[in-house]
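Here the structure is laid out as structure tokens; the discussion comes afterwards.
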Amino acid sequence: MTETLSLVEPSNLYKADYLEMTSEWRSSGEKLIPWVLRFDSSNFQMMLDELHRLKHDQNLEEGKVNSSTYWLRSSNQKLLGAVNIRHRLNEALLSIGGHIGYGIRPTERKKGYSTELLRLALIEAKALGITKALVTCDKDNVGSARTIMNNGGVLSSEAIVDGVEIQRYWMDIE
């Protein structure tokens, strides 16, 4: 991979690219991951405000934890994917979800972007004070498991959650 990738905070600067990326994802019929990509973007500013609230509000609804969202941007300005980093885990996230959820848009997969996205996310997680991160994936998602292991993830357990076999990986952040 010769291009430079970076994480950018969601903003109106990337509105057209974001809408293109999520439109592509929806057209594929796949579930948008991380979950914040499923937010209604028809009022883009309202979506940005909600992402900001999730990052900073100390009085979130029951069951929610603070999280930071970033978009993966290539040196040619294209948005390639997204990551959501939960600042702490609650009981539900300890079971499924973990600290970091990430995804690469369908047309940009199998190019090494997810490994770099997770690497950059771990740097952000460390800045949040997270020293050991939990990352989960469906057992049949071999690409995601490889991405996690490429970043030092160690399989800790497997479980069936809501009928889906989940793998749980822990990663020491140095």
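The values are calculated or read from the model by the stated rules, or taken from the named source; none is laboratory data. Not measured: the values here are computed from a predicted model. No Cβ is skipped: glycine too gets one built from the backbone with ideal geometry, and neighbour counts run over all protein chains shown. Please note that ligands, DNA and RNA were not included when accessible areas were found on the heavy atoms of the full protein model with its side chains. Shrake-Rupley method; radii C 1.70, N 1.55, O 1.52, S 1.80 Å.
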Within the chain, which complete DSSP H helices have Cα atoms spanning at least 27 Å along the helix axis and a mean Kyte-Doolittle hydropathy of 1.0 or higher? none
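Pop out the carbon and sulfur fraction of the accessible area of the chain as a percent, whole number, probe 1.4 Å.
Values: 4580 of 9230 Å².
C and S atoms contribute 50 percent here.
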Where a label projected 7 Å from the Cα of Asp162 along Cα→Cβ would reach, residues of segment 62-98 with amide N under 12 Å: 93, 96-97
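On average, how much accessible surface per residue is there in segment 67-138, in Å², for a 1.4 Å probe, leaving out ligands, DNA and RNA? Kindly include the intermediate steps, with their values, before the conclusion.
Numbers: 2880 Å² over 72 residues.
Ligands and nucleic acids excluded, the figure is 40 Å² per residue.
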Once you put a point 7 Å from the Cα of Glu20 and another 7 Å from the Cα of Lys110, both along the Cβ direction, what distance in nm separates them? 2.3 nm
Which distance in nm do the two modelled labels at Leu60 and Asp40 give, with both placed 7 Å along the Cα-to-Cβ direction? 2.1 nm
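Given only helices, namely DSSP H runs of n ≥ 4 each adding -39500 (n - 2.57), what is the per-residue ellipticity at 222 nm of the chain, to the nearest 500 deg cm²/dmol? Mind dumping the intermediate values first?
Numbers: 5 runs with 56 residues, N = 174.
Mean residue ellipticity, 222 nm, calculated: -10000 deg cm²/dmol.
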Please state, rounded to one decimal and in Å, the Kirkwood hydrodynamic radius that segment 1-72 gives when every pair of distinct Cα atoms enters the mean of 1/r. 13.5 Å
Hey, if you put +1 on the Cβ of every Lys and Arg and -1 on every Asp and Glu Cβ in segment 86-149, which of Ala121, Ser95, Val135 ends up farthest toward the positive end of that dipole? Ala121
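I'd like to know how the chain sits against the 2.2 N^0.38 Å rule of thumb: what's its Cα Rg over that expected value?
Values: Rg = 15.4 Å, N = 174, 2.2 N^0.38 = 15.6 Å.
After normalising by residue count via 2.2 N^0.38 Å, the value is 0.98.
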Output ³J(HN,Hα) for segment 62-70: one whole-Hz value per residue in order, computed from phi by the Karplus curve 6.51 cos²θ - 1.76 cosθ + 1.60 with θ = phi - 60°, and x for Gly and Pro. 3, x, 9, 10, 4, 8, 10, 10, 9
Setting aside same-chain residues fewer than 8 positions from Lys64, which lysines have a Cα under 29 Å from its Cα? Lys15, Lys31, Lys55, Lys126, Lys132, Lys139
Just how large is the dipole of segment 65-174 about the Cα centre, in debye to the nearest 20, putting +1 at every Lys and Arg Cβ and -1 at every Asp and Glu Cβ? 460 debye
